[in-house]
Amino acid sequence: MLVRIMRLGRPAERFDDVPQRVRQEAVVALGQKKILQRIGPGLMHALIFWGFIVLFPTIVIAMIGAVDKGATLPWLGHQGWFAFLVDLFAVLVLASVCAAFYIRKVVRPARFEGSHLGEADLILLWIAGIVTTLLLWHATRIALGINEWPASWSPAANALSNLFGTGQPTETLERVFVWAHVLLILSFLAYLPYSKHLHIITAVINVYFGRTTPRGRLEPLVFDDPDVPEDEIRMGAGTLTDMTWKQMMDTVTCTECGRCQEVCPAWNTGKALSPKLLIMGLRDHMLEQGPKLLAGDEEAAGVPLVPNAVTDEVVWDCVTCGACVRECPVSIEHIDHIVDLRRHLVMAEARFPAEADPMMRDIERSSNPWGKAQQERADWSEGLGVRILEPGEQPPEVLYWVGCAASFDERARQTAVSTAKLLQAAGVDFAILGPRESCTGDPARRMGNEYVFQAFAAENVETLNDAGVTKIVASCPHCFNTLANEYPDFGGRYEVMHHTELLAQLVRDGRLAATAGSEQITYHDSCYLARHNDVIADPRTLVEAVGTPVEMANHGKRTFCCGAGGAHMWMEERGNAINEERVRQAAETGAKTLAVACPFCTVMLDDGVRTSGSDLRVADVATLLAESLEDG
Amino acid sequence: MNILVCVKRVPMTGGTIVLTPDEQAIETRHLGFTISPHEECGVEEAVRLIEAQGGESVVLSLGPSDAEEQLRDAMALGIDRAILLQTDEEFDGQATAAAILASIEADRAAGVEYDLIFFGNESADSGNYQVGIRVAHALGRPCVTGVKGITVENGRARCEQEVPGGRDVYDVALPAVVTVKEGLNLPRYPSVPGRLRAKRKPLETRSPKRTAPGVEKIRLKLPEGDTSQAEILGHGPAAAPAVVDVLRRAGLVA
Amino acid sequence: MTLVYVEHQDGTPEEVSLQALALARGLAGGGEVHALVAGASAEAASGLLGEHGVATVHVPDHEVYASHAPVALGRALTQLAARLGSHTVVAAGTERGNEVMAHAAAIADAPLAANCTEVGAGAELTVTRIRWGGSLLEEARVHGETALLTVAPHAVEASSVGAGPAAAVERFAPELSDADTAVRVVERVSTSAGGGVTLADAKFVVSCGRGVGSPEGFAPAEELAALLGGAVGCSRAVTIAGWRPHTDQVGQTGTKIAPEVYLACGISGATQHMAGCKGAKRIIAVNTDPEAPIISHAEYAVIGDLHEVIPAITAELRKAGAG
């Protein structure tokens, strides 16, 4: 039935890139890589999972043995090494189940808030029952002397066999255990589709069909397909059938583990959004409306996802930091869901928080979300002698893409000034576009306004291509992400670096000589750098060059968002502030300087410092480097 | 009901205005454009009235071919069709009114009569304050200006104008001309289906005749005295005493 | 001979009308200046108007002038101008002034140059007038036999000619059609919450831009305004974001203010905003950005965060015993 519902969904391009998908499958599914990101529960689950694989043939053996007491699988049933593996994994699985109960009943982590715990307990007991009956069956066979494998190869079963005599009771028990084992397995399989344990099938498939494209790239919508009539253009997810089959599969793959919830900065600061509850809400909606749709209920087709499956508040709380996607062991793509919900709200219904209205209008009319005149875009560079690339001129070796924030916000401006000075000091041949540089469209895209975003992408790509630009350096991770990962969809293929990557290279090559300092500096990883694009080491090279680095607990891919992503730079915040929480985390390190590599982070964290009264200095690594050059 | 809304394409200036070397216009390279703010509210009101009472709405602009952008924006909000009186020249208040009048009369000859015509009270750039009123007189229709609230019922328009302490109410019979001000409503954000439909909605281009100017521009210039920098009273909360000093000297503090 | 349309409050001419009068006197050279004053107590204006150089005050006689009736005023103005043979009609560039003069210009089919700051004598009449709410000026030639001008408020200083006789008063009966009297105020609806001073009249205005962060963020500004008996304003972005009503918006398309002190917090100083506050005697800008355009338009500036500065000012005022 699930397959039939998914057939009602929209298409998704996930059949390409087979080698990468196979690798994904091997590493994430088989290798349990993502679930092992948390080593305790990860190991617990991995052992149960690998145990299931190893023990799979025993299901067949048990069924044979249930029917014919004296038979077993040819060859495998007699192998000592196999018996050893079975024995070992049966014990490991049992131990893992105990560990699972310990986690759930004693530790009781907050991530389970909202999950269906009763169901999980039942499943764990079932698993325990299955492996226990297996061990006991083996034990009784050994006791009766009818084991087909050398008993010494299965130490646990062998030890247990001492509990049993050779008489009738054991004969009976042997039959009881094998039938119990088989019945437990069969009933388990019957229960499977109705529980979240279905993930043992769906996860395997979902991981295969997971994204192979860059994490920071959102999939474009198509507005001008000549074969699609205007009123059928997909504008994101408004109802169940607007969801792609991959999105539907996501929802039935969720195991309610709550790791996403645990790391969500919105949830952690008292907001309504939990990625887990979001996916569960969509799943429940699908399971409720899907069968109705299949039965021909027309009305079910029109039930809007927002607010029935997910509330407006939840949709807008997201900062697109990607912590949830990083944690998810079964490759659910929460951000894609949220952006698709936003797309429908914004584009089809023009329904979004009023405070984002000025920004949306400003991007379209003034070409930047600050609503300032593009004529003033290069004002920050006055007096610095920075080359502004005019139409028709020879392109520079590297185009410095400044971004709207550094052009118009006084705190972010310092980063542009520092970066320009550093590039000049290193003798890099660069230029800026000045007023011809429009917003990359990232805030519009993350708000769900794909239509406006694509207009800007097309315009910027045309400007860059006409100018003959091949290499770009950007001091904003959002610009960097969009230019590198999203503009290729619109004909823009450039070699794009984040300014920390270029500056780190220049430092390593000796073209920039920093003076090392003893000042303690803690570096805040930007979500769009570290999680979406794996830029983690280069900014640290710069921090190490000018001071003594000290890490926050949440760093690298575990970084905690500053709160500006997902267009939140322009939206109000309810509940506790995400940026203040991050500043608190930074202050805990005892460092005096909080280094950043993003203009949004600069502004958000500086705001956080002011409201919390901390005395941390927030500065971009480029500024710290520029200062150290001046001092040295 | 048939409603006509007249709009003007104006640039969105930033912190400073820059003139072209010949001092005849604003340097608009790298500036975005929009419908003049008062008129945006006129567009929204027209859409709402037609949604509520049925009929057709038309948006008109006197301007360059680029003004199509503003006409399509208006149609994306729900206006049914557009008329562009295409010209690259600047028309003064009288000439603008004459050109719009000619267009309305051409429509009348084709059998289209407007019950209500919306203008902005004044355009953001030239601020002539007269186009709507001139058109109204030429058509022999009542004109209420500075409208911040309007109700249309039983062939009459009840219009509200903001004055200190309250609102003045006018009650005129349709057909009428109304000049509106920002604050009349909050214009909606266009939906994408609206934008796509707008691309296909009819846009007719006409060639207006420019009558001899009554107020003829010689040149533009920037006001003086804006080049001095402010006196910095201080940084942060520490500046508070200095601020209070200024307030005291202004007679605001006893 | 120059004719001036004078607005008044119960017989006291508005300051801006006196300013227009000064410009009209300049235009008239040595010629006579007459005024049209309508409505109740119109005649009482003759005293002050005489001191400002008006020879005769003409009062149109008709019940329609009991409330504001722009078309009837325009009609009366044109008829009077024709009868007196004035080739120039001047008024203050207020909302009502521009409106009445536009009606007159339409009726007379004569050019109207709105919001002039200067006029030039010569073979032809030249004016300097305001564009973009005051951020740009236009020099123009006014063609034709009759010219109508409105004078931008506070562009010209009013000046009395000294003590002298009051202006003569002449009542006259304009010929009005039904259409001329159809547009008139039929009702006055009160909206002010009572007690609060309006933005347009306040002697002290404090505004915040989007940087205030939320509607609740206006609370310190409201407290400060209340302490000084002033009003709270906001930028256009705040209105579009739905945080405050349009009536609080200061700007070219919002309310134009003219306080003794305007405290502009977190406002960058876009031309459309400056157009709304250039009437302020003193502007104090509070901004974290020392490069913000408003800094070059303001008399004073505080470089700092409005969230810290506004409460500090309130605290300092309380210390000084204000409120």
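Observations
- Just one of (1) among the β-branched types (Val, Ile, Thr); (2) open to solvent by less than 40 Å² (accessible area, probe 1.4 Å); (3) more than 14 Å from chain A (Cβ to nearest Cβ) fails for residue C:186. It is (2).
- Some residue of the range C:254-276 being open to solvent by 20 Å² or more (accessible area, probe 1.4 Å), part of a loop (DSSP other than H, G, I, E, B), under 24 Å from residue A:373 (Cα atoms) and hydrophobic (A, V, I, L, M, F, W, C): yes
- Residues of the range B:192-222 that are free of Cβ contacts under 8 Å to residues at least 12 places away in the same chain and surrounded by 15 or more Cβ atoms within 10 Å (Cβ to Cβ): B:192, B:193, B:196.
- Strands (runs of 3 or more DSSP E) contained entirely in the range C:52-153, each with at least 2 residues that are within 11 Å of another protein chain (Cβ to nearest Cβ): C:112-120, C:125-131, C:136-142, C:147-151
- Enumeration of residues in the range C:118-127 that are out of contact with any helix residue (DSSP H, G or I) (no Cβ under 7 Å at 6 or more places or on another chain) and buried (at least 20 other Cβ atoms within 10 Å of the Cβ): C:125, C:127
- Annotation: of all residues in the range B:135-156 being in contact with a strand residue (DSSP E or B) (Cβ under 8 Å, 6 or more places away or on another chain) and without any contact (Cβ under 8 Å) to a residue 12 or more places away in the chain, the one that is farthest from residue B:39 (Cα to Cα) is B:137.
- Looking across A:355, A:327, one residue alone is in contact (Cβ under 8 Å) with a residue 60 or more places away in the chain and surrounded by 24 or more Cβ atoms within 10 Å (Cβ to Cβ). It is A:327.
- Residue A:413 charged (D, E, K, R) and either surrounded by fewer than 24 Cβ atoms within 10 Å (Cβ to Cβ) or within 14 Å of chain C (Cβ to nearest Cβ) (or both): yes
- Tallying residues that are within 21 Å of the chain's Cα centre (by Cα) and open to solvent by less than 20 Å² (accessible area, probe 1.4 Å) within the range A:533-559 yields 4.
- Of residues in the range C:105-141 being among the acidic types (Asp, Glu) and touching a Ser or Thr at 6+ places or on another chain (Cβ under 8 Å), the one nearest to residue C:22 (Cα to Cα): C:118
- Selection of helices (runs of 4 or more DSSP H) fully inside the range B:65-176 by the criterion of at least 3 residues being open to solvent by 10 Å² or more (accessible area, probe 1.4 Å) and within 14 Å of chain C (Cβ to nearest Cβ) returns B:93-109, B:131-139.
- Every residue from the range C:74-109 that is touching a residue at least 40 places away in the same chain (Cβ under 8 Å), under 19 Å from residue B:139 (Cα atoms), open to solvent by 10 Å² or more (accessible area, probe 1.4 Å) and among the aliphatic types (A, V, I, L, M): C:108
- In the set (1) at pLDDT 95 or above; (2) closer than 19 Å to residue B:125 by Cα, the condition left unmet by residue B:49 is number (2).
- Of residues in the range A:18-36 being part of a helix (DSSP H, G or I) and of a type outside the set (A, V, I, L, M), the one farthest from residue A:210 (Cα to Cα): A:19
- Residue match in the range A:183-193 (condition: at pLDDT below 85 and either open to solvent by 30 Å² or more (accessible area, probe 1.4 Å) or hydroxyl-bearing (Ser, Thr, Tyr) (or both)): yes
One line per residue, one yes/no per condition, for (1) closer than 16 Å to residue A:477 by Cβ; (2) polar (S, T, N, Q); (3) open to solvent by less than 10 Å² (accessible area, probe 1.4 Å); (4) in contact with a strand residue (DSSP E or B) (Cβ under 6 Å, 6 or more places away or on another chain):
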site: A:572; (1), (2), (3), (4): no, no, no, no
site: A:581; (1), (2), (3), (4): no, no, no, no
site: A:590; (1), (2), (3), (4): no, no, no, no
site: A:599; (1), (2), (3), (4): yes, no, yes, no
site: A:605; (1), (2), (3), (4): yes, no, yes, yes
site: A:608; (1), (2), (3), (4): no, no, yes, no
site: A:611; (1), (2), (3), (4): no, yes, no, no
site: A:620; (1), (2), (3), (4): yes, no, yes, yes
site: A:629; (1), (2), (3), (4): no, no, no, no
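- Every residue from the range A:100-119 that is open to solvent by 40 Å² or more (accessible area, probe 1.4 Å) and among the aliphatic types (A, V, I, L, M): A:106, A:107, A:110, A:117
- Residues of the range A:428-471 classified as crowded, with 24+ Cβ neighbours inside 10 Å, within 22 Å of residue A:388 (Cβ to Cβ) and among the aliphatic types (A, V, I, L, M), total: 1
- Every residue from the range B:48-74 that is among the hydrophobic types (A, V, I, L, M, F, W, C), closer than 16 Å to residue B:201 by Cα and touching a Ser or Thr at 6+ places or on another chain (Cβ under 9 Å): B:60, B:67, B:71, B:74
- Any hit, the range B:229-238, residues being modelled with pLDDT under 90, within 19 Å of residue C:294 (Cβ to Cβ), under 39 Å from the mean Cα position of the chain (by Cα) and open to solvent by 20 Å² or more (accessible area, probe 1.4 Å): yes
- Those helices (runs of 4 or more DSSP H) of the range A:210-293 in which at least 2 residues are in contact with a helix residue (DSSP H, G or I) (Cβ under 9 Å, 6 or more places away or on another chain) and either basic (Lys, Arg) or under 17 Å from residue A:306 (Cβ atoms) (or both), considering only elements entirely within it, cover A:245-253.
- Scanning the range C:284-306 finds no residues that are within 27 Å of residue B:165 (Cβ to Cβ), more than 7 Å from chain B (Cβ to nearest Cβ) and either open to solvent by less than 30 Å² (accessible area, probe 1.4 Å) or within 21 Å of the chain's Cα centre (by Cα) (or both).
- Filtered residues of the range B:1-57 (kept if among the acidic types (Asp, Glu) and surrounded by fewer than 21 Cβ atoms within 10 Å (Cβ to Cβ)): B:22, B:23, B:27, B:51, B:56
- Among the candidates A:335, A:388, residue that is open to solvent by 10 Å² or more (accessible area, probe 1.4 Å), in contact with a strand residue (DSSP E or B) (Cβ under 9 Å, 6 or more places away or on another chain) and at pLDDT 95 or above: A:388
- Any hit, the range C:255-262, residues being free of Cβ contacts under 8 Å to residues at least 24 places away in the same chain and touching a Ser or Thr at 6+ places or on another chain (Cβ under 8 Å): no
- Taken over the range B:205-247, residues that are out of contact with any Asp or Glu (no Cβ under 8 Å at 6 or more places or on another chain) and under 30 Å from residue C:111 (Cβ atoms) amount to 12.
The values are calculated or read from the model by the stated rules, or taken from the named source; none is laboratory data. Not measured: the values here are computed from a predicted model. Ideal geometry is used to build each Cβ from the backbone, glycine not excepted, and the neighbour counts take in all protein chains shown. The accessibility values were calculated without ligands, DNA or RNA, using every heavy atom of the protein model including side chains. Shrake-Rupley method; radii C 1.70, N 1.55, O 1.52, S 1.80 Å.
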